[in-house]
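What follows is a set of notes on a single structure, which appears directly below.
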Amino acid sequence: MIEVRDVSRVYRRGADEVHALEHVSLRIERGRFAALMGPSGSGKSTLLNILAGLDRPTSGVVEVAGQRLNDLSEDQLAAFRARHVGFVFQFFNLIPVLNARANVELPLLLTRLGKADRRTRAETALRIVGLADRAMHKPNEMSGGEQQRVAIARAFVTDPEIVVADEPTGDLDAKNAVEILALLRDLAREFGKTVVMVTHDPRGEAFVDEIHHLDKGVLLDSIAGGGAAA
Amino acid sequence: MKFLPFIWRQLSRNKLRTALTAGAIGLAVSLVCILLTMPAGMDALLTQVASNTRIVVHNEAGLVYPLPYSYLQKIRSQPGVVSAASWTWFGGVFREEKGVEFPNFAIEPEPIGSVWADWKIEPQQLEEFRRYRDGAIVGRGTLNKNGWKIGDLVTLKGTVYPVDLAFRIVGEIPNERSPIFLFQREYLDQALRAGGRGGLDILGTVWLRVDDPARVAPLMSQIDEMFRNSEAVTASETEKSYFANFFSMLQGFVTVILIVTGLVALCIVFIAANTASMAVRERIGEIAVLKALGFSRRLIFTTLLSEAVLLSTLGGVLGVLGALALTQLLRAGSGWNPALGPLGSFIVTQAILVQGLFLALFVGMLSGVVPALGAARRSVAETLREVL
Amino acid sequence: MLPIRYALGNLAARRTRTLLTVAVIALVVVATTLFGSLVSSLRRTLVGTGNERNLIVLRKGATNDGSSVIPLEAFQSLRFFDGVARDAAGNPLASPELVVQPFFRTAGGGRENVLVRGVEAVALQVHDEVAIVEGRMFHPSSGEAIVGSGVAGRYVGAKVGDTLDFGRGHWRVVGRFDSNGSSFESEVWVDVRELAADAKRSIPYSGLRIRAAEGADMDALARRINDDPRYALDASPEPAYYEKQAESANALYFIVVGLAVLAGIGAIFGATNTLYAAVQSRRAEIGTLRALGFSRTAIVVSFLIESLVIAFGGFAIGATLAALLGRLVSWWLGGIAFGAATFTTNVIQLRVGASDLANALALALVIGLVGGIAPAARAARMRPIEALRRA
């Protein structure tokens, strides 16, 4: 239910032209936990951004959750992201001046839910990631692992079809990294979400259903991951 | 100052912020300068009239109470009086709708050059004034305001006396601030007689020059004593005292102006401090690296402080230029205002310019100290760990 | 829309920056409000004087009360004109007056011209906003005087029970009057004949004030007075006359507006600076919000709220300080003196009024809006992926 057909992305850096993606075609089915892997500059982050509706391809077609993203305006893309996409970032990117619950509630403000509903959902999401007791704490009062879990709660709270994660374990130590990867896999399974992750972390291979390798903007191959077996 | 290019480069990192800060400080300095022209106008008047041998004699009850014209001769005949002239308020209007826009007086032409030698009116012009009954000598302030030149014809309609008088400007009082319009007493006297009324038998005030400063005090008591039991009692005072009294009324207004000026100056401190602290905060990591490379704390402090001072001085220069331009506009647009008097001359003196620049410089230094000190003191290792 | 807590939280998080910016705006508000209320107090005093139903009659060509002369016969015939109001006993409400400007000594040793108005008892009926608040009205030919509230306490001997020295004589102060803050409060009133004798005026009156009867045509009455061939007179409604006198205050308005504009622009620059820095330091956060799906409008609104809260804080502090400072200065100086066109002293009480506060609020809001709009727009224009890219 994520499909890109012959997608290329070229952008200008001063006088140079950078070919970030070259004619990539890819399909990820619903409910799968996929990883995009490759060395620096391989285009994996660019591809992720295009899938998430954060960026537009220079050519090619992008279809996510039945929606053609090419045709949407900036504001329409924003609305699309609000409803259909959840985000997890490498540096957590929580709002420092809001507490955990308020951070998780943030995407819900873009929906029509009333105050009570929003609160319930946020608390539920926090409970699912195991941080119900940290609801009132600010990000600077939590460890890296806890912050990322709050971020994951935030990503899932609107019940989006897809969740994208950009190097979610990049800033975590080994123990936390494994916990986060497991959490992502479990949530994908339990709620039937499509999760696409960009990562350097070789540990990720054990958790995902499929791995897509990129290098220099080109899709090299797609193989099954360890998660498929579990 | 080999670090000057380095400091300058720091300021041009964020050109917008530098421009906004310099602009804000510039505006504040402009304001301070413009506001300061008001009390400066008053001070200038008081110090300019530094003549210590000029006395004014007026009715003790008030300036609006006249004195008999015969007093002038009696005063002239006192020993020690070099020369004396009388001033009588005419209150003529040039543009009827605007009312009295500049003070105008009737005066005897002959003694002017002697009593007011320090006004430096051209002797040639005084000669013309003596010769032509309808002549007028006008202060440069009023000449500029109305765009008049020597030779122009001007008519004033009387408001106190029911006559209109036509004049030819024959001379000027070469003082930017002077609004005065002087004409011959004889002229008014004749016009009144021609109208069937009696002549001008009163005068407003008598101004006289004394030969020796030591004689001033005794002469003043002598004159007042002379008229003590007459129908019009006089009060003599020195010129300085006269003007000081005249403007004592404006003291309250000046106080408010000074308070407002102080507030605006304080504003500058906060603007500069804000920018300095933001700039430093953003460069914490970079500063730590510099320290690691071997820049001493003192050097860091000095360069950061210099940056703040340079920036606010830039603002100061802009402000001073702005003040000069704006006061030019103000002078063109307003005239002699009875509510303001000398406060409304809006002339930016050199002293004010210097004060404005120093304010900016001083403020820059003051506001930059705390952030610069903070940055210089921070531990390098701690900072690097935090940031990188 | 983003929660207000987000905007407020960010302001609280960067306290130094927020407080310094609030301080700048507060100072600008204090400065402009103080100066502005000085001028509006002056104007209120000057313009507030003047009763709509009164005509002021001066000699033709005279620009003010102090430089005019009216013959006795003129008064005697004018008061019986049609249209002039009458009191219960049938006496015309026409007040003959003499204005003189003698020296008074201030408590601080200075010397000022004060407007002394010679009147008859009927003046209290024609100028009906004048009310005796202490003591009583003077008795004619008794060497007595009443003083306006602005005068009392400013000059030596100006209190009820004391003796005032001016002109050629001594005058016992028997009463004090208020007049709704108008310029009459800066005057001293005495018996007109005594004043004329003291000032040696052969023609005793300088002007007349006439109350038009209910329903009478004031214009017609004024025209009749102006057209009377026997005397060269000029009658105009009091408000129009005082409006003209207030024109000197108008020049001061330019200064106030100029001050507000220059200071306001300076404050705008200050606010813009602060907000740009905020936008810069919150790049990643803004990118996150955009990624989550918040629209550009939501971002703009949130930053504008930050800007407006700062501006409002500046207004609240500045307005309070201005009001306090105004009271303090006015009390300490005993009122602030201005020169009137009559070359006398108008003592005004510096009061920060509702309109001054409204102006201050408007100024603060403009600073907030204009100062915040450019940084807010920049925040909104950020493309999410660029914002998220950690340099």
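Data for the structure
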{"item": "Karplus-derived 3J(HN,Hα), 6.51/-1.76/1.60, for each residue of the range B:308-324, Hz, glycine and proline x", "result": "4, 5, 4, 4, 6, 5, 4, x, x, 4, 4, x, 5, 4, x, 4, 4"}
{"item": "For chain C, built as a Gaussian network whose Cα springs stay under 10 Å, the top-fluctuating residue of C:THR63, C:THR344, C:THR49", "result": "C:THR63"}
{"item": "Solvent-free Debye scattering, log10 I(q)/I(0), computed from the Cα coordinates of the protein assembly as shown at q = 0.04 Å⁻¹", "result": "-0.34"}
{"item": "Net charge over other residues, Cβ less than 12 angstrom from the Cβ of A:ILE152 (K, R count +1; D, E count -1)", "result": "+1"}
{"item": "Computed over chain B, Cα set: Rg, Dmax in Å", "result": "29.6, 100"}
{"item": "Cβ-placed point charges (K, R +1; D, E -1), dipole of the protein assembly as shown about Cα centre in debye, nearest 20", "result": "2520 debye"}
{"item": "When the convex hull of its Cα atoms is projected in every direction, mean area for the range C:1-158 (nm²)", "result": "18.8 nm²"}
{"item": "Theoretical FRET efficiency, 1/(1+(r/R0)^6), r = Cβ-Cβ of A:MET1 and C:VAL301, R0 30 Å, to 0.05", "result": "0.30"}
{"item": "Helix-only mean residue ellipticity at 222 nm for chain C, each DSSP H run of n ≥ 4 adding -39500 (n - 2.57), per residue, nearest 500", "result": "-17000 deg cm²/dmol"}
{"item": "Surrounding net charge for C:GLY143, when Lys and Arg each add one and Asp and Glu each subtract one, Cβ distance under 14 Å", "result": "-3"}
{"item": "Calculated FRET efficiency for the pair C:VAL261/C:ALA89, C-beta based, R₀ 56 Å, to 0.05", "result": "0.50"}
{"item": "Overall Cα dimensions of the range C:191-325 - principal axes, largest extent first, Å", "result": "89, 37, 23"}
{"item": "Approximate shape of the range B:61-232 as ellipsoid semi-axes (Cα gyration tensor, √5λ), whole Å, largest first", "result": "27, 20, 14"}
{"item": "Proximal lysine pairs, the range B:1-147, alpha carbons under 28 Å, eight or more residues apart or interchain", "result": "4"}
{"item": "Inter-chain Cβ neighbour average for residues C:277-289, partner chain, 10 Å", "result": "4"}
{"item": "Neighbourhood charge, 11 Å Cβ-Cβ cut-off, centred on C:GLU112 and excluding it, Lys, Arg +1 and Asp, Glu -1", "result": "+3"}
{"item": "37 °C / 0.692 mPa s Stokes-Einstein diffusion coefficient of the range A:115-156, Kirkwood radius on C-alpha pairs, µm²/s", "result": "319 µm²/s"}
{"item": "Whole-number percent relative contact order across chain A, with pairs defined as alpha carbons under 8 Å at least 6 apart", "result": "28 percent"}
{"item": "Spatially proximal lysines relative to A:LYS44 (Cα-Cα < 30 Å; intrachain offsets below 8 disregarded)", "result": "A:LYS175, A:LYS193, A:LYS216"}
{"item": "Loop trypsin sites (Lys or Arg not before Pro), the range A:33-125, which have at most 12 other Cβ atoms in a 10 Å radius of their Cβ (DSSP)", "result": "A:ARG112"}
{"item": "Gain on full stretching of the segment that runs from B:ARG140 to B:LEU321 - 0.36 nm per residue minus C-alpha separation", "result": "62.7 nm"}
{"item": "Surface/4 of the Cα convex hull for the range C:61-231, nm²", "result": "10.4 nm²"}
{"item": "C:ARG383-B:ARG168 pseudo-label distance in nm [points 7 Å out on the Cα-to-Cβ vector]", "result": "8.0 nm"}
{"item": "Whichever aspartates and glutamates have a C-alpha closer than 18 Å to that of B:LYS291, once near sequence neighbours (fewer than 8 apart) are set aside", "result": "B:GLU282, B:GLU307, B:GLU382, B:GLU386"}
{"item": "Under-5 Å amide H pairs with C:ALA158, H placed in peptide plane, nonlocal only", "result": "C:GLY153"}
{"item": "Distance between modelled label sites at B:VAL369 and B:LEU258, nm, 7 Å Cα→Cβ extension", "result": "2.4 nm"}
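Here, each number is a calculation from the coordinates, and none is a lab measurement. What you are looking at is a predicted structure, and each value in this text was computed from that prediction instead of being measured. Ideal geometry is used to build each Cβ from the backbone, glycine not excepted, and the neighbour counts take in all protein chains shown.
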